[in-house]
Amino acid sequence: MKFETSDILEFPLKDVFAAFRDKMAELPNFLENIDKITLISREDQGDEVHMVSIWEAKVQLPGPLEKLAPQSSRTWRDIAVWRTSEYSVTWRTEPAMFTEAVDVHGKNFFTAEGKHTKITLGGEITIDPKKIRGIPTILARQFAPTIEKFVVSSVKKNFVEGNRGWERYLTAAKKKK
C-alpha cells in the first residue's frame, strides 16, 4: 500500500533539514508518543549522511493487535540516507516485531515554500502474511490489510504530530540563540 502526505513547518528549509538530520535524538522531548530515539551509527560521506537509529514508541494498537505486540516490541530500526543537495531522505523502517513480514520504505522531500518548509512524506508498506510467525497464514491474510491501513494512518498522524514537535524544538532552539 503506497502513501503520501505533506505538511508545512513555519521555519526555513535549511534549519528544518538540519534539525531533522542532526538533532533527531532530541525530538522525544517534544513528543508524547515517542519515548526515545537512539542513534546507533552515523557516517558522513560527502553530500550524504547514512544513519541508523532505534525508535521506541508509546502507542496503543487496535484490539487483537494489542495482545500480539507487547509494549517492548513497539520499537523500530530507522535506516536513512540523507542527501543535502536535494534536501531528501531515503528511509527504510524495520519493526522489532514481524521484521521478515513487513517492508516499509520511502523517500521524503524538503522544499522551500517562501520562508517555510514543505515536507512531503512518500512511502510504501507491504505485509507478507506467509512470513508472520505464530499466526496461521489464513488468519494473517485477514489481518494484513487491517495492519497496513493502521500503519499508514499511524504514519500520517505521527508525521504531522512529529512536525509539530519539530516546530516546538526549533522554537526553543531559536529562543536559546
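Given the conditions (1) more than 21 Å from residue 167 (Cβ to Cβ); (2) part of a helix (DSSP H, G or I); (3) at pLDDT 80 or above, which single one is not true for residue 103?
Looking at each condition in turn, residue 103 falls short on (2).
Tell me, which residue of the stretch 137-160 that is of a type in the set (Lys, Arg) and under 29 Å from residue 6 (Cβ atoms) is surrounded by the most Cβ atoms within 10 Å (Cβ to Cβ)?
Start the filter on the stretch 137-160 by keeping residues that are of a type in the set (Lys, Arg), which leaves 141, 149, 156-157.
Of the ones still in play, those that are also under 29 Å from residue 6 (Cβ atoms) are 149, 156-157.
Values: 149: 13, 156: 15, 157: 12.
Here the answer is 156.
Looking only at the stretch 141-149, decide whether some residue is of a type in the set (Asp, Glu) and modelled with pLDDT of 80 or more. Please lay out each step first, then the result.
Quick first cut of the stretch 141-149, residues of a type in the set (Asp, Glu) only: 148.
The next check asks that each one be modelled with pLDDT of 80 or more; those that pass are none.
Looking for residues that are of a type in the set (Asp, Glu) and modelled with pLDDT of 80 or more, one finds none in the stretch 141-149, hence no.
Kindly provide the set of residues from the stretch 76-90 that are hydroxyl-bearing (Ser, Thr, Tyr) and either at pLDDT below 95 or out of contact with any helix residue (DSSP H, G or I) (no Cβ under 6 Å at 6 or more places or on another chain) (or both), ordered by number.
First, the residues of the stretch 76-90 that are hydroxyl-bearing (Ser, Thr, Tyr): 84-85, 87-88, 90.
If the condition is that a residue be hydroxyl-bearing (Ser, Thr, Tyr) and either at pLDDT below 95 or out of contact with any helix residue (DSSP H, G or I) (no Cβ under 6 Å at 6 or more places or on another chain) (or both), then 84, 85, 88, 90 are the ones that fit.
Looking only at residues in the stretch 122-161 that are hydrophobic (A, V, I, L, M, F, W, C) and touching an Asp or Glu at 6+ places or on another chain (Cβ under 7 Å), which one is nearest to residue 92 (Cα to Cα)? Full working, then the answer.
Quick first cut of the stretch 122-161, residues hydrophobic (A, V, I, L, M, F, W, C) only: 125, 127, 132, 135, 138-140, 143-144, 147, 150-152, 155, 159-160.
Keeping just the survivors that are touching an Asp or Glu at 6+ places or on another chain (Cβ under 7 Å) gives 125, 127, 159-160.
Details: 125: 10, 127: 14, 159: 15, 160: 19 Å.
Filtering first and then ranking leaves 125.
As an exercise: evaluate residue 121 against (1) assigned to a helix (DSSP H, G or I); (2) buried (at least 17 other Cβ atoms within 10 Å of the Cβ); (3) under 14 Å from the mean Cα position of the chain (by Cα) and give the number of the one condition it does not meet.
Result: residue 121 passes all but (1).
The values are calculated or read from the model by the stated rules, or taken from the named source; none is laboratory data. On a predicted model such as this, the values are computed, not experimentally measured, just so you know. Glycine also receives a Cβ, built like all others from the backbone with ideal geometry; neighbour counts cover every protein chain displayed.
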